[in-house]
Amino acid sequence: MSQFQSLEEALKHFFGYDTFRPGQQQIVQQALQNRDLLIIMPTGGGKSLCFQLPALLKSGVMIVVSPLISLMQDQVDALLDNGIGATFLNSTLSWDEVRSREHAILNGKIKLLYVAPERLLSEKFGPFLDILRSQIGISAFAIDEAHCVSEWGHDFRPEYRQIKQLRQRYPDIPVLALTATATKRVREDIIQQLMLKQPSIHIASFNRPNLYYDVLPKHSQSYNQLLKLIKSHQGSGIVYCLSRRSVDDIAFRLQNDGISALPYHAGMSDEDRSTNQTRFIRDDVQVMVATVAFGMGINKIDVRFVIHYDLPRNLESYYQESGRAGRDGDPAHCTLFYKTGDIIKIKYLIEQKPDPKEQQIAFQQLNQAVDYAEGTECRRTIQLRYFGERFTGNCDNCDNCRHPKPIEDWTIEAQKFLSCIARCGERFGMMHIIEVLRGSRKKKIEQYGHHLLSTYGIGKDKTLDAWKMLGRSLLHQGLLDETNDGYRILKLNKLSWEILRKQRSVQIAITQTPVAKTLADISATSIEIEILFERLRRLRKQIADANSVPPYVVFPDASLRLMAQKQPQTLEKFGEISGVGTHKLAQYGDRFVSEIRAFCQEQQLPVPLPNNTNMVTLQFHQQGLSIAEIAETRKLSPSTVINHFSELLEMKQPVELNRLVSVEKQKVIIKAIETVGADLLKPIREYLGEEYSYDEIRLVRAWWRREN
Ligand code: ADP
Ligand code: ZN
């Protein structure tokens, strides 16, 4: 500790951060007191710092055990970029390289040494460890991805079982175990298998507040939905698909539509996979379309969106896969595309499993995933409940919290639906029941004589989709059952009968297509900041390429954004930005500061803007004035101001549409535009009626045009 007044000062010096994340400081303190530790934090929680900072403050070398070569490489790159002595030993190195690295270690130049478990316990390495311990000292063993010792985890590695020999050989050297796996069973296994001595256990919340979760209904034109969504995002993203074929197909189509995308799945050669992965990590391509084979051990922290194009098999995988977004703590978006047809695909896969026990577990897990997709409560609450964590809900960062679905009383409809099931003898699936209700003339219905039932045709007033929504909701609320074999037959249960006997009412959430979803999410960011941010990104990419490291190793997005906002024009001010440590200041400060200065100077020149009068309106808007106020101040007619806004919107200027037209109205207008077309205002107005003004329609149409 000697040279630092406090742990915070050391944190800023080495890593450039001003404050610890929850839990980190106490962990570092306990590590400095040589305690054994078990650290459980979600992905992106900041585990690495928990052993890296103690390693820097203690004498000797910290040995870090890590299961994957790519992970080691990334962590060592990031440490070196902070000017910290770190290295790794693994099977990719030649004999000579190993020799020279061992030399550097014994010369005291290294604070963190990363090794694979099999090397750690190899015969040749034992004597080296002994020498290291006596000459330099070993400050601790940090076991990363510690769940690999457990057969109960999802990633068991037998080599990890032997790590306990270290404990036997060096009983007084502390052991720190780290993992992102949450279950109790794995936790207990880690303590036992690694022989941790009265470890201090730290379990962080699995909530990832920076991730926005939503679920979008998947239509027949689902590819277009996907394309539109990807276009609305900035930065890197992953699209997960169920099958290799759809990975190839989607990647190909995205490429054709001008998105830089690459495929990744187990059917490709190792070489192709690794090339694609590297290009993704280095920001040479924006989107990785992949099966779940992609992700483990990929240390890209600035993934801005993860889209599941198909329903995941269970919630744990969904949490882990979607959790690859936003590891840098910056806002990121996790979208699940869902249609009930996906359930059938997965059920089919499950039915191929030979073991009935396994099948049963898989079905149970599938149901939980479906509950998530169809749920109307806070998505976070559902996920965290799965991990045994209580979350109060109302996170304000998921679709259900931001746009709660309206609840309606559908008791009468439910009675019709359930009574139709009863009358058909509880022997049919949902589609058949709906066809009877809607009075279908299909032959099949007549063959069963169902056209003679009293419920035949009593549901003509509702669409197929409306009845499906009701059916799913009844299942979801447990007011109706469905058999789990391949046929999915609807069966009445106790609660269904209560509804039929008028002892229970039925409320359902009306799930409309949330077309206008992204509208409300658009917030005003000044153009200037965006432009500078892009320039700094470009500079970062140049530096990263020259040093052969991923861009986020140079600076994370969050630091770049702060630079763009605060625009520090001196090295001193630059050093105050979170993420700029002493070493990075010296290494990159000059180049970034000159870029920022150049930008600021250019801004002061009278830049010819596309249209000055529009920009004046925009400025007033950003100061919080309404349309009427702007018109009055500028002595213009309101419709002229509306014209300005329409142009600004089409030119992607940061207009806050939500302040001009309510979100509810936006949704309806967009629906109208998508129904009657965008070319003429009049038909849209006629479709919508008097309640919607031409001005409102024009504004939303301008927004819609630039999005399409
Ligand atoms: P994990 O290993 O738990 O997935 P990392 O250790 O990779 O997470 O940390 C995720 C990100 O958070 C990294 O970019 C890291 O630099 C950053 N980070 C860690 N601690 C802090 C902190 N105290 N302040 C700001 N950023 C931090
Ligand atoms: Zn929520």
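All of the numbers you see were taken from the coordinates with simple rules; none came from a lab. Owing to the predicted nature of the structure, the values given are computational and were not obtained by experimental measurement. Ideal geometry is used to build each Cβ from the backbone, glycine not excepted, and the neighbour counts take in all protein chains shown.
Quick one: His644, His432, His451, fewest Cβ neighbours within 10 Å first, how do they rank?
Details: His644 25, His432 21, His451 15.
By the 10 Å Cβ count, ascending, the order reads His451, His432, His644.
Dividing the alpha-carbon radius of gyration of the stretch 310-413 by 2.2 N^0.38 Å (N being the number of residues), what value is obtained?
On the way: Rg = 15.6 Å, N = 104, 2.2 N^0.38 = 12.8 Å.
Here the answer is 1.21, to two decimals.
Calculate, for Gln5 and Ser91, the FRET efficiency according to 1/(1 + (r/R0)^6) with r their C-beta to C-beta distance and R0 56 Å; round to the nearest 0.05.
Numbers: r = 43 Å, r/R0 = 0.76.
About 0.85, to the nearest 0.05.
What's the tally of Lys pairs in the stretch 407-509 whose alpha-carbon atoms lie under 21 angstrom apart, where the two lysines are 8 or more places apart or on different chains?
19
Could you work out the relative contact order of the chain, using alpha carbon pairs under 8 angstrom and six or more residues apart, expressed as a whole percent?
Details: 1043 pairs, mean separation 79.0, N = 708.
So the answer I get is 11 percent.
So what's the stretch 211-389 giving for Rg/Rh, alpha carbon basis, Kirkwood Rh from the mean inverse pair distance?
Numbers: Rg = 15.9 Å, Rh = 16.7 Å.
We get a ratio of 0.95 for the stretch 211-389.
Along the charge dipole of the chain, pointing to its positive end and built from +1/-1 on Cβ of Lys, Arg, Asp and Glu, which listed residue (Cys424, Ser70, Val676) has its Cα farthest out?
Cys424
If R0 is 41 Å, what FRET efficiency do you get for Asp396 and Asp270 from their C-beta distance, rounded to 0.05? Before the final figure, lay out the partial values.
Numbers: r = 44 Å, r/R0 = 1.06.
Rounded to the nearest 0.05, the efficiency is 0.40.
Treating only the Cα positions of the chain as identical point scatterers, give the base-10 log of I(q)/I(0) from the Debye formula at each q in 0.09 Å⁻¹.
Summing over Cα pairs of the chain leads to -0.95.
Once the Cα gyration tensor of the stretch 600-708 is found, what semi-axes does its equivalent ellipsoid get, as square roots of 5 times the eigenvalues, in whole Å, sorted largest first?
Values: eigenvalues 152, 48, 26 Å².
In descending order, the three semi-axes are 28, 16, 11 Å.
May I ask you to work out the translational diffusion coefficient for the stretch 7-203 at 37 °C, viscosity 0.692 mPa s, via Stokes-Einstein with Rh from the Kirkwood sum over Cα pairs, reported in whole µm²/s?
This corresponds to a translational diffusion coefficient of 195 µm²/s.
Quick one: give the max-minus-min coordinate of the C-alpha atoms of the stretch 57-96 along each principal axis, largest first, in Å.
Here the Cα extents, ordered largest to smallest, are 30, 22, 20 Å.
Helices from the chain with mean Kyte-Doolittle at least -0.5 and a Cα length along the axis of 24 Å or more, per DSSP H: which? Walk me through the intermediate numbers first.
Numbers: long enough: 356-374 (27 Å, -0.93); 527-547 (30 Å, -0.34); 582-604 (32 Å, -0.85).
Helices meeting the criterion: 527-547.
Could you size up the charge dipole of the chain around its Cα centre, putting +1 on the beta carbon of Lys and Arg and -1 on that of Asp and Glu, and report it in debye to the nearest 20? List each step's numbers first, then the result.
Working: 90 positive and 83 negative charges, 275 e Å.
So the dipole magnitude of the chain works out to roughly 1320 debye.
Roughly how compact is the stretch 335-396, stated as its Cα Rg over 2.2 N^0.38 Å to two decimals? List each step's numbers first, then the result.
On the way: Rg = 13.8 Å, N = 62, 2.2 N^0.38 = 10.6 Å.
Taking N as the residue count of the stretch 335-396, the ratio is 1.30.
Please list the radius of gyration and Dmax for the stretch 411-495, considering alpha-carbon atoms only, with Å as the unit.
For the stretch 411-495, the Cα radius of gyration and maximum Cα-Cα distance read 11.8, 33 Å.
Taking 0.36 nm per residue of sequence separation and subtracting the Cα-Cα distance, how much length would be gained by fully extending the chain between Ser662 and Leu680, in nm to one decimal? Write out the running numbers ahead of the final one.
Numbers: separation 18, 0.36 × 18 = 6.48 nm, distance 2.18 nm.
Separation in residues times 0.36 nm, less the Cα-Cα distance, equals 4.3 nm.
Along Cα→Cβ, 7 Å out, is where each label goes; now give me the distance between the ones at Phe128 and Lys339 in nm to one decimal.
That separation, rounded to one decimal, is 5.5 nm.
What percent of all Cα-Cα pairs in the stretch 220-314 falls in each 5 Å bin, counting up from 0?
Over the stretch 220-314, the share of Cα pairs per 5 Å bin runs 2, 14, 28, 28, 19, 8, 1, 0 percent.
Can you sort Trp95, Trp703, Trp467 so the residue with the fewest Cβ neighbours within 10 Å comes first?
Values: Trp95 7, Trp703 25, Trp467 22.
Ordered from fewest to most neighbouring Cβ atoms within 10 Å, Trp95, Trp703, Trp467 come out as Trp95, Trp467, Trp703.
Considering the zone a paramagnetic label at Lys502 would reach in this model (a point 7 Å from Cα along the Cα-to-Cβ line), which residues of the stretch 407-426 have amide N under 20 Å from it?
409-423
Please give the FRET efficiency for Ser626 paired with Thr19, using the beta carbon to beta carbon distance and R0 = 45 Å, rounded to the nearest 0.05. Could the numbers behind the result be given before it?
On the way: r = 39 Å, r/R0 = 0.86.
Once rounded, the FRET efficiency stands at 0.70.
Where in the stretch 555-583 does the label zone of Glu602 land, with the point 7 angstrom along Cα→C-beta and an amide N cut-off under 20 Å?
Only 560-570 fall inside the zone, counting backbone N under 20 Å.
May I ask you to compute the full-extension gain from Asp249 to Asp155, defined as 0.36 nm times their residue separation minus their alpha-carbon distance, rounded to one decimal in nm? Show your work: numbers first, answer last.
On the way: separation 94, 0.36 × 94 = 33.84 nm, distance 2.95 nm.
Net length gain for the segment: 30.9 nm.
For the stretch 526-602, what is the Kirkwood hydrodynamic radius in Å, using each pair of distinct C-alpha atoms? If you can, show how the numbers build up before the last one.
On the way: mean 1/r = 0.0819 Å⁻¹.
For the stretch 526-602, the Kirkwood estimate is 12.2 Å.
Measuring from label point to label point, each 7 Å out along Cα→Cβ, what is the Gln198 to Glu530 span in nm?
5.8 nm
Hey, could you pull the Cα Rg and Dmax for the stretch 5-70, both in Å?
12.0, 36
How much space per residue, in cubic angstrom, does the convex hull of the C-alpha atoms of the stretch 542-681 take up? Provide the component values of the computation, followed by the final result.
Details: hull volume 26.5 nm³, N = 140.
Spelled out: Cα convex hull of the stretch 542-681, divided by residues, is 189 Å³.
Apply the Kirkwood formula to the stretch 424-474: the hydrodynamic radius equals the inverse of the mean of 1/r over all pairs of different alpha-carbon atoms; give it in Å with one decimal.
Computed over the stretch 424-474, the radius equals 11.0 Å.
For the stretch 242-291, with equal point scatterers placed on the C-alpha atoms only and solvent neglected, what are the log10 I(q)/I(0) values from the Debye formula at q = 0.17 1/Å, to two decimals?
After summing over all Cα pairs, the log10 values are -0.44.
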